[in-house]
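Chemist: Before we start, here is the structure in question, set down as C-alpha cells.
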Amino acid sequence: MAERRVRVETKVGLHARPAALFVQAATRTPLDVTVAKQGKDPVNAKSILSVLALDAQNGEEIVIRAEGDGADAVLEELAGLVTESSA
Amino acid sequence: MPDVLRGTGVSPGVAAGPVRTMSGAVPEPPAGRRSAGDAAAERARALAALDSVGADLEERGARAGGEAREVLAAQAMMARDPGLAGVVTDRIDEGLSAPRAVYEAFNTFRAALARAGEYMAARVADLDDIRDRAVAILLGVAAPGVPDSDEPFVLVARDLAPADTALLDPAKVLAFVTRDGGPTSHTAILARAMGVPAIVACGDCMDLGDGTMVLVDGTSGEVRPDPTEQELAAAQAEAEARAAVLGAGTGPGATADGHRVPLLANIGGPKDIEAALSCGAEGVGLFRTEFLFLGRTTAPSEEEQESVYRAVLEAFPSVVVRTLDAGADKPLGFLPPPDDEPNPALGERGLRLFHSHPGVLTGQLRALARAAEGLDVRLQVMAPMVTDAEETRSFVAACRAAGLSRAGVMIEIPAAALRAGDLAAEADFFSLGTNDLAQYAFAADRQISGLARFQDPWQPALLDLVALAAGAAGAAGKDCGVCGEAAADPALGCVLTGLGVTSLSMSARALPRVRAALAAHTLDQCRKAAEAARRATDADGARTAARAELPGLDPLGL
C-alpha cells in the first residue's frame, strides 16, 4: 500500500474544480484509491460525493493511498492536483 | 389573481400564449419495504436510472457547450458516483424499493455535504436536482425541468439555470417570466439572445396556473392574465411587426440621417461566428477568450491560441478581442491559487491578475499578433477591469511590444469612467462593459436577484457614467463602444448613440432589432432621448422619457 501525505494548496480546497479533476484522475486508474483527512476514515477517491463530503480545505493535510502496480505514479498525479507546484 | 403582475422587463417585445410552469417538486417515494422480492432486478433498475440521469446531464452539457458543459459534466459525475451506487445497493438489499433507496442514498450524502460548509450550498441544490431526476424516472413521473409542449408557450419558473434551458426549443418559447433573477441573469441573457420578451423578479408569477393565457410585455415588465381579444390583437400586430423587422435587418448600422454606428456581435469563440454573420454583424465588438483558459490544468500553448484566434479573425473585417478575464471566482487551474478574497469582484481579476502573472498576458498578446499576420482584418485588443491611466499605459505598452497597433481598455470601473480623459490620452479606444459598470457603481452584486433594479442599465447614474466616458473619448478623437447587454435593448441603443457611443456590440440575435431602431431615428432624436433619460430620477422614468423622444419604436413593435 503506497501512501502520500500532502497539504491541500488549491484555494477552494478539495472542492469545486480541483475536486472534479482529482476524482476524474482517480477514476482513470484501475487501482483502488482512497483519500482521508487526519484521524478520519478514508473514502473512495473515485466518489465525487465522498470527496466533497470530506471537506478538505486549503491548508489541511490529506492522505492519499493506492494499492497495486503503478500506485506511485497515480499518487504523484493526484498529489500534484492539490498542490501549488502543479497548479 | 390581480389584473396585472409586475416585474422587471429585461428583454423587450410583446408576446401572448398559454403558461407552462416549470414542474415543481418530484414526490418523495413512500417509505417502507418493497413488496416484491427481486433485489437484483431492483438494483439494476436503480443503477440504470442513475446512469440515464448522468448521460442526460452530459448530453445537455455537450449541446449547451461553454461553461454549462463543465457544470453539467460535474453533475453527471455525481449521478454516476460509485459511492452513491454503493449506498443505493445496500438499501435495496435491506429491502427498500429502488426509488426509495435512491432517495435515501442521496439524502445520506446531502446531509454530509450540508455539514461541509461554505462551498456546499450550491452542490446541495445540484444534488437535490439529480435526485429528483432519478426518482422521477423510477416513479414514472415527469422529470423536473422545462415542460414538454406541442404548442408554443410562455415559460414561467422560479429561475432558470443553464441546465434547464440547454435543451429548450426556441421555436416553442414565446416569452420568459421568472420570479427571481435580474437583468444580467441567465434568463435575461438567453431571452435577448433568442429575441423573445422576458420579465424577471415577477413576485407572483408562480401563482399563474398552467394553461392560463397571458400577455407578456418585456418592455414594461407587465404580465396580463386572461387578456381581452383587443389586447391579444394588438400583441399579434406587434409580433408581426417584429417579424418584419427581423426579416428586413441587413446593412450597416446607421441613424435615419446617416450617422454610422457599427453594429457588432459579442462572441465566446469560433462556435458563435455563424450566428454573428447570419444576423449581419459588421464585426466582433467583444471576443471573450476565457473558454481557452478556464477548466484546464496547463495553460493553452500560443500555437493553440493562435489557431483559435485566426478562425475568428478570418471571418470578420474587424474584431475586438478582450484579453483573459479571470479572477478568484473564475480561477485558472494552471496558476497558483489566488490569495483568499472575501469579495472576488473587488479582487485581483481581469487585467489586475497579470500584475502577478505577466507571462499569461504577453503570451496571449503574442498569439493574437501572429494570428492576424497576413490577414486583412482590423484587430483591436482590450483589457478588462482597467482602473486608471497607469494601468492603461502599461497595457498599451504590452500590446505595442507584441506588435499590436490598436490597444484599448474596458470601462467598467466607475473610477475609470470618472477620469476617462486620463485613460483616453493613453488608449486607442474604449469599450464600456455596462454590466460590471453597474455592479460597481451601485455596489450591487450582479448575482443577487433582490438587487435586480440596480442592474437595470437605464439607471440615470449609469447613463451619466456612460456619458462621461463617451464624452472624454470623443474629445480625444477616440472610439467608445458599448459591449454590455445594454446595447441589445433597441431603445437604449438609440440613447447610447445619443450619449456619444460610437459602436454597439451585443448578442447576435439582438442585432436586427437594434439596427431597425437606429434606422428609425435621427442622431438628433437620439441625443434628445439621451438628455431626457438623464433628466429622470430612476430607471423606469428614464425609459419612459427616452421612449417619448423615440417615436419610431412603437410602430416597429420595439
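Derivation of every value follows stated rules applied to the coordinates shown; laboratory data play no part. Owing to the predicted nature of the structure, the values given are computational and were not obtained by experimental measurement. As a convention, Cβ positions derive from the backbone with ideal geometry for all residues, glycine included, and neighbour counts pool all protein chains shown.
Chemist: Mind checking the mean number of beta-carbon atoms from other chains within 10 Å of the Cβ atoms in B:293-306? Walk me through the numbers before you get to the answer.
Modeler: On the way: counts 0, 1, 3, 2, 8, 1, 0, 0, 0, 0, 0, 0, 0, 0.
Per residue, the average neighbour count from other chains is 1.
Chemist: Same structure, new question: Taking beta carbons within 10 Å but only from partner chains, what does the mean come to for residues A:7-14?
Modeler: Numbers: counts 0, 1, 2, 4, 8, 5, 5, 1.
Shielding by partners across A:7-14 averages 3.
Chemist: Across chain B, how large is the tail of the calculated P(r) beyond 34 Å, expressed as a percent of all Cα pairs? Working shown, then result.
Modeler: Details: 67577 of 155403 pairs.
The share of Cα pairs beyond 34 Å in chain B comes to 43 percent.
Chemist: Could I ask something else about it? Working from Cα positions, state the angle (0 to 90°, nearest 10) between the long axis of helix B:358-372 and the longest principal axis of chain B.
Modeler: Value to nearest ten degrees: 70.
Chemist: Using a ≥ b ≥ c from the Cα gyration tensor of the range B:39-139 (square roots of the eigenvalues), is it rounded, prolate or oblate, where a/c under 1.5 gives rounded and otherwise the larger of a/b and b/c decides, a/b for prolate?
Modeler: oblate
Chemist: As a test of understanding, state the convex hull volume per residue of the range B:406-475 from its alpha carbons, in Å³. Intermediate results must be reported in sequence, preceding the final value.
Modeler: Working: hull volume 4.9 nm³, N = 70.
Here the figure is 70 Å³ per residue.
Chemist: What are the ³J(HN,Hα) couplings of the range B:208-220, residue after residue, when phi is run through the Karplus curve with 6.51, -1.76, 1.60 and θ = phi - 60°? Round to Hz, x for glycine and proline.
Modeler: Coupling constants for the range B:208-220: 5, x, 4, x, 4, 6, 9, 10, 10, 10, x, 8, 8 Hz.
Chemist: How large is the dipole of the range A:2-86 about the Cα centre if only Lys and Arg carry +1 and Asp and Glu carry -1, each at its Cβ, rounded to the nearest 20 debye?
Modeler: Working: 10 positive and 13 negative charges, 57 e Å.
Dipole about the Cα centre, nearest 20: 280 debye.
Chemist: Going by amide H atoms built from the backbone, whose H comes under 5 Å of the H on B:VAL173, apart from near neighbours?
Modeler: B:PHE153
Chemist: Also: Can you grab the distance from the C-alpha centre of the range B:373-436 to the C-alpha centre of the range A:1-57, Å, no decimals?
Modeler: Going from one Cα centre to the other spans 42 Å.
Chemist: Per the Kirkwood formula on distinct C-alpha pairs, the Rh of the protein assembly as shown is how many angstrom?
Modeler: 26.5
Chemist: If you look at just the Cα atoms of the range A:2-86, how large are its Rg and its Dmax in Å?
Modeler: 11.1, 32
Chemist: Excluding same-chain residues fewer than 8 positions from A:LYS11, which lysines have a Cα within less than 26 Å of its Cα?
Modeler: Once the sequence-local lysines are set aside, what remains near A:LYS11 is A:LYS37, A:LYS40, A:LYS46, B:LYS330.
Chemist: If you place +1 on the Cβ of every Lys and Arg and -1 on the Cβ of every Asp and Glu, how big does the dipole about the Cα centre of chain B come out, in debye to the nearest 20?
Modeler: Values: 51 positive and 75 negative charges, 134 e Å.
Here the size comes out at about 640 debye.
Chemist: What share of the DSSP beta bridges in chain B is antiparallel, in percent to the nearest 5? Spell out each step's value before the answer.
Modeler: Values: 18 of 55 bridges.
Roughly 35 percent of the DSSP beta bridges within chain B come out antiparallel.
Chemist: Let me ask another. Can you give the FRET efficiency for B:ASP3 and B:GLU229, using 1/(1 + (r/R0)^6), R0 = 25 Å, r = Cβ-Cβ distance, to the nearest 0.05? Present the calculation step by step, with values, prior to reporting the outcome.
Modeler: Values: r = 16 Å, r/R0 = 0.64.
Calculated value: 0.95.
Chemist: Output the direction-averaged projected area (hull surface divided by four) of the convex hull of the alpha-carbon atoms of the range B:249-521, in nm². Present the calculation step by step, with values, prior to reporting the outcome.
Modeler: Numbers: hull surface 54.1 nm².
About 13.5 nm², averaged over all directions.
Chemist: With both bridge residues required to lie in the protein assembly as shown, what share of the DSSP beta bridges run antiparallel, to the nearest 5%?
Modeler: So the antiparallel bridges in the protein assembly as shown amount to around 45 percent.
Chemist: Using only Cα positions of the range B:438-558, each an equal point scatterer, no hydration layer, compute I(q)/I(0) via Debye at q = 0.11, 0.21 Å⁻¹ and quote the log10 values to two decimals.
Modeler: The Cα Debye sum returns log10 ratios of -0.34, -1.23.
Chemist: May I pose another question? Please give the FRET efficiency for B:GLU341 paired with B:ALA39, using the beta carbon to beta carbon distance and R0 = 45 Å, rounded to the nearest 0.05.
Modeler: Numbers: r = 50 Å, r/R0 = 1.12.
Efficiency for this residue pair is about 0.35.
Chemist: Let me ask something else about it. Given a Förster distance of 60 angstrom, what is the FRET efficiency for A:GLU60 paired with B:ALA415, based on the Cβ-Cβ distance and rounded to 0.05? It would help to have the intermediate numbers written out before the result.
Modeler: Working: r = 38 Å, r/R0 = 0.64.
Calculated value: 0.95.
Chemist: Something else about it: Is the C-alpha gyration tensor of the range B:183-311 telling us rounded, prolate or oblate? Criteria: a/c under 1.5 is rounded; beyond that, a/b larger than b/c is prolate, otherwise oblate. Spell out each step's value before the answer.
Modeler: Values: a/c = 3.33, a/b = 1.60, b/c = 2.08.
The shape class here is oblate.
Chemist: Would you mind ranking B:GLU59, B:GLU549 so that the residue whose beta carbon has the fewest other beta carbons within 10 Å leads the list? Intermediate results must be reported in sequence, preceding the final value.
Modeler: Numbers: B:GLU59 14, B:GLU549 22.
Ascending Cβ contact count within 10 Å gives the list B:GLU59, B:GLU549.
Chemist: Another one. What percentage of all Cα-Cα pairs in the range B:327-471 are separated by more than 25 Å?
Modeler: Summing the P(r) tail past 25 Å for the range B:327-471 gives 34 percent.
Chemist: Taking the 0 to 90 degree range and rounding to the nearest ten, how far is the long axis of helix B:539-548 tilted relative to the main principal axis of chain B, both from C-alpha atoms?
Modeler: Roughly 50 degrees between the two axes.
Chemist: Can you give the angle from 0 to 90° between the axis of helix B:460-475 and the longest principal axis of chain B, with both taken from C-alpha atoms, to the nearest 10?
Modeler: For B:460-475 against chain B, the angle is about 40 degrees.
Chemist: Mind checking A:21-33 for the average number of partner chain beta-carbons within 10 Å of each residue's beta-carbon? Show your work: numbers first, answer last.
Modeler: On the way: counts 4, 0, 5, 3, 1, 0, 3, 0, 0, 0, 0, 0, 0.
Across the residues of A:21-33, the mean count of other-chain Cβ atoms within 10 Å is 1.
Chemist: Report the full-extension gain for the segment B:ARG352 to B:GLU531: residue separation times 0.36 nm, less the Cα-Cα distance, to one decimal in nm.
Modeler: On the way: separation 179, 0.36 × 179 = 64.44 nm, distance 3.48 nm.
Taking B:ARG352 through B:GLU531 to full extension adds about 61.0 nm, to one decimal.
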